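What follows draws every value from the coordinates through simple rules; no lab data is involved. Please read all numbers here as calculations on a predicted model, not as lab measurements. A quick note on method: Cβ atoms are made from the backbone with ideal geometry, for glycine too, and the neighbour counts reach across all protein chains shown.
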Amino acid sequence: MKYILVPFILVLIAWLQEILDQLLFGGMWNLPMGSGLPWWGLITAPFSHSGFPHLFSNTIVFLPLSIFVLSRGLRDYIAIWLFVLFLEIPMVIFWPKISHGLSGVVYGMLGYLSFIGFLEKRPISILLSVICICLYGNSLVALIPIFSPVGVSWIGHLSGFVGGFLAALATFKETRKS
């Protein structure tokens, strides 16, 4: 777990952005992604939040899920980020609302961790999947539009979850080759 600091550095970036936003810009310096916004919003959106409660709720789930994924390797962690960002491209092009926050990546990690054990069929991987589903499975209901709270980007969560599933497939196939 030599990469354990990676998620903490990423969260630190998000916290610094939010602190600067609140102190200097009164909460108006958001860096979301969305239709008609600059393309770099895809990269900045995970680090931008709508306030400290939003950032805190993402942080407390992001860190443990990151550690679970990093226990499998940095390659898998990077794969999740890449698939999640890639699947956000159509959302930015076609979805009329803006979105930001770490929750898309959180759902990506949850999607990855939910499926990797069942793909690999190894006891430790299955245990990791079961633990994640038991701990965070109740949040999967937010992937369904009618159950997602108003103002929450269910489409961002869903694209993140699918991105995590695709990362699990990609890393599983890569593991089988070696």
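With no solvent and one equal point scatterer placed on each C-alpha of region 39-133, evaluate the Debye formula and give log10 I(q)/I(0) for q = 0.25 Å⁻¹, two decimals.
These q points yield log10 I(q)/I(0) values of -1.28.
Taking 8 Å as the Cα distance limit and 6 or more residues as the minimum spacing, I'd like the relative contact order of region 65-150 as a percentage.
That works out to 22 percent.
Under a no-solvent Debye model with one identical scatterer per Cα of region 76-178, what's log10 I(q)/I(0) at q = 0.13, 0.21 Å⁻¹?
Ignoring solvent entirely, the Cα scatterers give -0.45, -1.03.
Could you work out the relative contact order of region 5-177, using alpha carbon pairs under 8 angstrom and six or more residues apart, expressed as a whole percent?
After rounding, I find 24 percent.
Quick one: grab the alpha carbon gyration tensor of region 40-81, order the square roots of its eigenvalues as a ≥ b ≥ c, and give me rounded if a/c is under 1.5, else prolate or oblate depending on whether a/b is larger than b/c.
The shape class here is oblate.
Rounded to the nearest Å, what's the spacing between the alpha carbon centres of region 44-69 and region 116-140? Just the number, please.
That distance is 21 Å.
Once you have the Kirkwood Rh of the chain from its Cα pairs, apply Stokes-Einstein at 25 °C and 0.890 mPa s and quote D in µm²/s.
Stokes-Einstein gives a translational diffusion coefficient of 150 µm²/s.
Among all helices in the chain defined by DSSP H, which have a length of 20 Å or more along the axis from Cα atoms plus a Kyte-Doolittle mean of at least 0.0?
In the chain, the long hydrophobic H runs are 5-25, 52-70, 74-94, 103-120, 154-177.
Per the Kirkwood formula on distinct C-alpha pairs, the Rh of region 119-178 is how many angstrom?
Taking every pair of different Cα atoms in region 119-178, averaging 1/r and inverting gives 13.2 Å.
Take HIS54, HIS100, HIS49 and order them by how many other Cβ atoms sit within 10 Å, fewest up front.
Ranked by crowding around the Cβ, least crowded first: HIS54, HIS100, HIS49.
In what order do PHE118, PHE147, PHE161, PHE68 fall by count of nearby beta-carbon atoms within 10 Å, going from fewest to most?
Fewest-to-most Cβ neighbours within 10 Å comes out as PHE147, PHE118, PHE68, PHE161.
Per-residue ellipticity at 222 nm for the chain, helices alone: DSSP H runs ≥ 4 residues times -39500 (n - 2.57), over residue total, nearest 500 deg cm²/dmol?
-23000 deg cm²/dmol
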